[in-house]
Amino acid sequence: MLVALLLTAACSAEGESGSAPNGTEQQAAGPAVGAGSSTRVLPGDIATLQVVQLTGGGEILADSQKYTLYRNEKDSTNPPKSSCNDECVLVWPPLLAPGSQFDLKGVDKSLVGTMKRDDGTLQVTVAGRPLYRYVDDEQAGDLNGNGVDSQWFAVTPVGEKVRP
């Protein structure tokens, strides 16, 4: 019994190291863990952010599959905090970075970070704004969520909203 308690405590302590305190932002750590590091990074731990050109001009942020990323006007930025923490995530899934690692394509790494969500996961931020996908975007490049409820907007590479 004592051994089980010690193992549980060790696993809990290990899982908490390296994450930002609740409500604080961590800066991007880079695309991969450097040589000599004992930390193992799995492909799902690396969040991809890339710049995509809009057909009519302008640029937006997209994920690894070139799906549009959105911001919510109700979220706070200082400190970063998501207001989408209940059934909202079923329509607006957050872009997560479990390993706080990033693959950035055309995005200024000084603008990219993470924030701890209410459920303990790490959500990607740009310019302090939490990022999300929209479930009704059926293919890469769709902008179906832009302007929804006058609070959800596609996001530019510097964190600004894209006007519908």
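The values are calculated or read from the model by the stated rules, or taken from the named source; none is laboratory data. Quick caveat: nothing in here was measured; it's all calculated off a predicted structure. Virtual Cβ from ideal backbone geometry, glycine too; neighbours counted across all protein chains shown. Side chains are part of the model used for accessible areas, which takes the heavy atoms of the whole protein and leaves out ligands, DNA and RNA. Shrake-Rupley method; radii C 1.70, N 1.55, O 1.52, S 1.80 Å.
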Quick check on the stretch 134-151. Is at least one of its residues open to solvent by less than 40 Å² (accessible area, probe 1.4 Å), polar (S, T, N, Q) and closer than 13 Å to Arg71 by Cβ?
yes
What number of residues in the stretch 92-111 are in a loop (DSSP other than H, G, I, E, B) and polar (S, T, N, Q)?
1
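Rundown of residues vs (1) more than 14 Å from the chain's Cα centre (by Cα); (2) modelled with pLDDT of 95 or more; (3) closer than 24 Å to Gly58 by Cα, yes/no style:
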| position | (1), (2), (3) |
| --- | --- |
| Asn78 | yes, no, no |
| Ala97 | no, no, no |
| Ser110 | yes, yes, yes |
| Leu131 | no, yes, yes |
For the stretch 38-51, which positions are modelled with pLDDT under 95 and either part of a helix (DSSP H, G or I) or open to solvent by 10 Å² or more (accessible area, probe 1.4 Å) (or both)?
Ser38, Thr39, Arg40, Val41, Leu42, Pro43, Gly44, Asp45, Ile46, Thr48
If you go through the stretch 92-102, how many residues are touching a residue at least 40 places away in the same chain (Cβ under 8 Å), open to solvent by less than 50 Å² (accessible area, probe 1.4 Å) and not polar (S, T, N, Q)?
6
Does the stretch 68-91 hold any residues that are part of a loop (DSSP other than H, G, I, E, B) and surrounded by fewer than 19 Cβ atoms within 10 Å (Cβ to Cβ), and which are they?
Glu73, Lys74, Asn78, Pro79, Ser83, Asn85, Asp86, Val91
How many residues does the stretch 105-133 hold that are open to solvent by 30 Å² or more (accessible area, probe 1.4 Å) and under 15 Å from Leu95 (Cβ atoms)?
8
